[in-house]
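One structure below.
Quick note: the coordinates plus some simple rules give every number you see, no bench work behind them. Owing to the predicted nature of the structure, the values given are computational and were not obtained by experimental measurement. Note: ideal-geometry Cβ built from the backbone for every residue, glycine included; neighbour counts use all protein chains shown.
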């Protein structure tokens with residue numbers, strides 16, 4: 001347990017930041033799942049539209065350094081390749 005006032009504050013800030021980052025990571029995963037679901041339906045136009053909206057979410061979270069930029073880039077690339085492979 002933190003003993004000083006400063007240490008208590010840092011502990012509180014870390015806890016709040018952790019909750020916030022957890023919520024952002026959840027948004028990222030949900031955005032990826034939405035695109036995968038659209039791909040599974042077989043509608044290429046809908047999947048492409050979903051990718052465009054999800055790309056903004058993915059980039060935004062990477063810019064905040066909640067996830068690494070390469071992870072964001074890899075996910076976008078794989079989703080785009082899956083849409084392209086639909087035919």
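By average Cβ neighbour count within 10 Å, what is the ranking of 46-55, 78-87 from highest down?
Listed from highest to lowest mean packing, they are 46-55, 78-87.
Here are several values of Cα extents along the principal axes in Å: (i) 56, 30, 13; (ii) 62, 21, 16; (iii) 61, 26, 15. Which one was derived from the coordinates shown?
(ii)
Quick one: helix 69-84 against the long Cα principal axis of the chain, what's the angle to the nearest 10°, folded into 0 to 90?
It works out to around 20 degrees.
If r is the Cβ-Cβ distance from residue 84 to residue 37 and R0 is 22 Å, what FRET efficiency results, to the nearest 0.05?
Efficiency for this residue pair is about 0.80.
Under 18 Å from a point 7 Å along the Cα-to-Cβ line of residue 26: which residues of segment 51-74 have their amide N that close?
57-58, 61-62, 66-67
Report relative contact order for segment 5-84 in percent, whole number only (criteria: Cα-Cα under 8 Å, sequence separation at least 6).
31
For n ≥ 4 DSSP H runs only, could you compute -39500 (n - 2.57) per run for the chain, divide by its residues and tell me the 222 nm figure to the nearest 500?
-29500 deg cm²/dmol
For a quick protection proxy, order the peptides 18-30, 57-69 by their average other-Cβ count within 10 Å, most packed first.
The peptides rank, most packed first, as 57-69, 18-30.
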